[in-house]
Each structure stands twice: as structure tokens, then as C-alpha cells.
Amino acid sequence: MSKVPSPQPPQPSQFDRRRVMVAAGGSLAAWMLAGCRPAPALTRVGVIRWIGYEPLVLARELGLLDASRGVRLVELPSNTTALMALASGDIDAATLTLDECLVAIEGGVDARVLWVFDESAGADVVLARPPIATLAQLRGKRIGVEQTAAGALMLGQVLDAAQLTPAEIQLVQMTADQHLSAYREGEVDALITFEPYAAQIQRLGARRLIDSRSFPGLIVDVLVARSAALEGTEARFTALARAYFSALQYVQAQPIDARRRMGERLGLSEAEVAAALAGIRVFDVEGNRRWLSGPAPALYASAQRVAGELRRAGILRRAPALDQLIDDRFLPKDL
């Protein structure tokens, strides 16, 4: 078992948005220098590995989305890198959690939510190494979590449920793509993680202590675009939306083939993909209209709740202005 230095007791300010931006800078710069920067002539959409975003990648595999439509998917290793890439303008849009979107906006990014992918209902999870079997047994243990707003939100809820204070655990900060190796190498006792990593870690014997079913409405996944990137590129984002929602229909119409295709990319079996999909509530076009349209879009209520939790954690300083949060003009009208 490798030895990990015990970090200082975590405080909510450790998840401050400025620290996220700085921490991400090194990994993003290295990624760009590695020759992976997309062609600037294309609209660049950053996507991380999360079961709710996979239909977007599936759209590319099905031939519904390619460079001929002016859009390129840029696969990124973590939420942290995606947030930093969007903030720096190295990508034009990104798959983010709603809380990360609010952090980006307060950090100065003029961004819009184009659609809602899903709400987590079990796919965000706390996994622990046996013999840990209860939340109370996390006292004094090393808990791995990504240094993002979503990580802070889950951590805060877990500590409340466990009746523990931040000083009573050891926080080990790591990006999501490091979770599997950290567990395998014995660097952590527990992880706040998500699918597909959760299924891979459970194969190693990790126990599920609690998941996002206990925190409904807390983790909402959205596509966020820089408002400047929407100017003159309406056809590209319309094509992107059509490709995504068409792929989502394919998942529903051809579930076995869709799960097989997604599983090959995620390193999961078809059954594991099915289980992961069962841990999210996916929203189709009609569902998105309920979230984004009308006099009182559901996204506003969700954003207000999430913003309140972020302020309580010290991540946001003030309630964000939400009147320009939504841009729903790209939702397909005939799907």
C-alpha cells in the first residue's frame, strides 16, 4: 500500500473557484501542448466521462455529428480541466454540472445553458474500502474527491449525513480520472465518485455507502456554451442539439446496441451501462422544454437551490443573476 501524506483538515474555501482555475491550469496546458488542441475553425465542445454525457459521444459514433457540421467533441480527463478550458476560451462549450456553471459565471465567464442532460439519481456515489460499512466509520479516513463545486457539494452532504465535521476526515484531492488508480493503489479509504468510475471501483470490492438518490436535485448536468461562441454559429449548435437528441432516441429504441457501444468506450459491460443509466434521470426534448422554457423554467428553481448550497459552502459569494442563464433556441422542434 503506498503511503500518502495526510493533508490539512479540509475547509469549504479549499474548493474556491480561483483554486480550481489555478489547479486546472497545469493539466490543461500539458494537454494542449501534447498536440490535442482542436482546430480553431471548428466549434469545440468539451466532454468528460460521465454516463449522462455518453449519448453525445454516441452521436459521433453513429455518424450524426462530425466535422462537416462544424463541431468537434474534445474529450477531457476531468471536470476540473473542462471548467478551466471553458474559462480560458480553449473550448466553446462544455458538459458541466449546474454548480460548475454557476461557479464559472461568478468567475467571469459569460455562459448560457443550452440544454439539460440529466439529474443524478444514484450515479454519484460514495464508495468505501471494506471493512468500512457506514458513513460514521469515515471518521479519520482518507476521502478522495475532485476539487470542484460538485465535489464540494457532495462532500458537504455526505458529512452532514455522517454527522462529521471537515476536520474529522482527511481530504485527498484528485481528479476523477485518478479515482480508479487511487483506490487500486490503496491511496484512499473512500471516494466521492461517479459513473463510469464507480462501477469499475466496485469491481475491486468497494462498498456503496450512499449515493445521489439521497440528495435529489443536487447534481444536474447541463451543456454550457460561452455566449460569444454562439454568435454566427447557430447552425452548428442546432446540428449539435439535433445529433445529441437523435442519439438519445437511439438509446431508447436500440438499447442493447447503444449500451454495447457506450460500454466499449467506458470500459463497462452492457449490464454495468444499464445499471449506470438507471442512476440518472435523462431529459428528452420535451423534458428540456419543461426545464428551460415558460414563465418559470425549472432550471431557475434548481439553480437557486444549488446556489444556496454553494454559498453555504463558501464557494459562491453572492446569489448569481439568473435572468440570462438559459438559451433554449437550439432545442429541436420536430423530434
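The values are calculated or read from the model by the stated rules, or taken from the named source; none is laboratory data. Keep in mind that this is a model prediction, so the values were computed, not measured. Note that each Cβ is placed from the backbone with ideal geometry, even for glycine, and that neighbours are counted across all protein chains shown. When the accessible area is computed, the model is the full protein with side chains, heavy atoms only, and any ligands, DNA or RNA have been set aside. Shrake-Rupley method; radii C 1.70, N 1.55, O 1.52, S 1.80 Å.
Annotations
- Electrostatic dipole magnitude of segment 34-103 [Cβ: Lys, Arg +1; Asp, Glu -1; Cα centre; debye, to 20]: 200 debye
- Each residue of segment 140-152 was assigned a 3J(HN,Hα) from its phi angle through the Karplus expression (A = 6.51, B = -1.76, C = 1.60, θ = phi - 60°), giving x, 8, 8, 10, x, 7, 6, 7, 10, 4, 4, x, 5 Hz with x at Gly and Pro.
- Cα centre as origin, Lys/Arg/Asp/Glu Cβ charges: segment 217-289 dipole, Debye: 80 debye
- Once the convex hull of all Cα atoms in segment 79-129 is built, its volume per residue stands at 98 Å³.
- Taken over segment 205-323, the convex hull of the Cα atoms encloses 167 Å³ per residue.
- Cleavage-rule hits, GluC sites (Glu not before Pro), segment 169-256, DSSP coil, Cβ neighbours within 10 Å at most 13: E185, E231
- Residue among A243, Q170, G279 farthest towards the positive dipole end of the chain, charges placed on Cβ: Q170
- With all protein chains kept in place, the per residue accessible area of the chain amounts to 40 square angstrom at a probe of 1.4 angstrom.
- Take the Cα radius of gyration of the chain and divide it by 2.2 N^0.38 Å, N being the number of residues; the result is 0.95.
- Segment 256-335 and segment 114-193: distance between their alpha carbon centers, rounded to Å: 21 Å
- Figure note: D189, D118, D334 ranked by solvent-accessible area, largest first, 1.4 Å probe, ligands and nucleic acids not counted: D334, D189, D118.
- Over the chain: helical MRE at 222 nm, DSSP H runs n ≥ 4 each giving -39500 (n - 2.57), nearest 500: -12000 deg cm²/dmol
- Selection from V145, A307, A121, by position along the positive dipole direction of the chain (Cβ): V145
- Remark: the chain carries a charge dipole of roughly 420 debye about the Cα centre, counting +1 on each Lys and Arg Cβ and -1 on each Asp and Glu Cβ.
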